[in-house]
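What follows is a set of notes on a single structure, which appears directly below.
The values are calculated or read from the model by the stated rules, or taken from the named source; none is laboratory data. Keep in mind that this is a model prediction, so the values were computed, not measured. Every residue, glycine as well, gets a Cβ built from its backbone with ideal geometry; the counts of neighbours run over all protein chains shown.
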Amino acid sequence: MNRHGRRVAARRKRALNVPINQIDELCDIQVDAKPGQVVMIMANATGRKRVEQLWPDVEWSTDEIFSVAHSPDWLFTHVRVTKLPSNFEAKVPLAFATPDSLGFAVALALQHRYAPRRVLHWTGDGLDVKVNFYDGTSISGKEVFVEYVPAGTVLGAPQSVN
């Protein structure tokens, strides 16, 4: 690997040391996957316009818990992923995709329409949460199909014991 390649690799591995209350300043859109093929999209006014260009049917909300962690400019919506790009489906069919992989697909679809590193993708859970940024993508947002999930919809259902 040449010097340029080593520098690029080092930049990609650099840890992000930012207080949690300043995360909103780093991006315009945040993506966080949930159960049941649902992905939460959080965005400021600029980011919401980009999301609506791709998926115009979404509606934006806030609630007491969300407003404690975000400035008033930030709102959220939920979408259910209904179709993945064919190259993703060839590797892992939608029915078997993990929540983080669905969040990855949504984040890449949004990043495709945006300046590099303006879409943040949350992965993991509990103490193992990571923040991911992407420089660019070859996934067109038109390859990821979603449907709007209204606020307050119960995600998932109790599993049968039989």
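Miscellaneous remarks
- Taking the criterion of being touching a helix residue (DSSP H, G or I) at 6+ places or on another chain (Cβ under 9 Å), buried (at least 16 other Cβ atoms within 10 Å of the Cβ) and either closer than 22 Å to Val68 by Cβ or of a type outside the set (Phe, Trp, Tyr) (or both), the residues of segment 37-57 that qualify are Gln37, Val38, Val39, Met40, Ile41, Met42, Ala43, Asn44, Gly47, Arg50, Val51, Leu54.
- Candidates in segment 116-128 are the residues that are surrounded by 11 or more Cβ atoms within 10 Å (Cβ to Cβ) and among the aliphatic types (A, V, I, L, M); of these, the one that is nearest to Lys34 (Cα to Cα) is Leu120.
- Failed item in (1) in contact with a Lys or Arg (Cβ under 9 Å, 6 or more places away or on another chain); (2) within 30 Å of Phe96 (Cβ to Cβ); (3) at pLDDT below 95, with Leu26 passing the rest: (2)
- The condition of being in contact with an Asp or Glu (Cβ under 9 Å, 6 or more places away or on another chain), under 16 Å from Val51 (Cβ atoms) and surrounded by fewer than 19 Cβ atoms within 10 Å (Cβ to Cβ) holds for only one of Ala105, Ala151, that being Ala151.
- Meets criteria (surrounded by fewer than 19 Cβ atoms within 10 Å (Cβ to Cβ), modelled with pLDDT under 95, touching a strand residue (DSSP E or B) at 6+ places or on another chain (Cβ under 7 Å) and closer than 17 Å to Thr123 by Cα) for Lys34: yes
- Taking the criterion of being out of contact with any Ser or Thr (no Cβ under 6 Å at 6 or more places or on another chain), under 18 Å from Asp28 (Cβ atoms) and of a type in the set (A, V, I, L, M), the residues of segment 43-91 that qualify are Ala43, Ala45, Val51, Leu54, Ala69, Val79.
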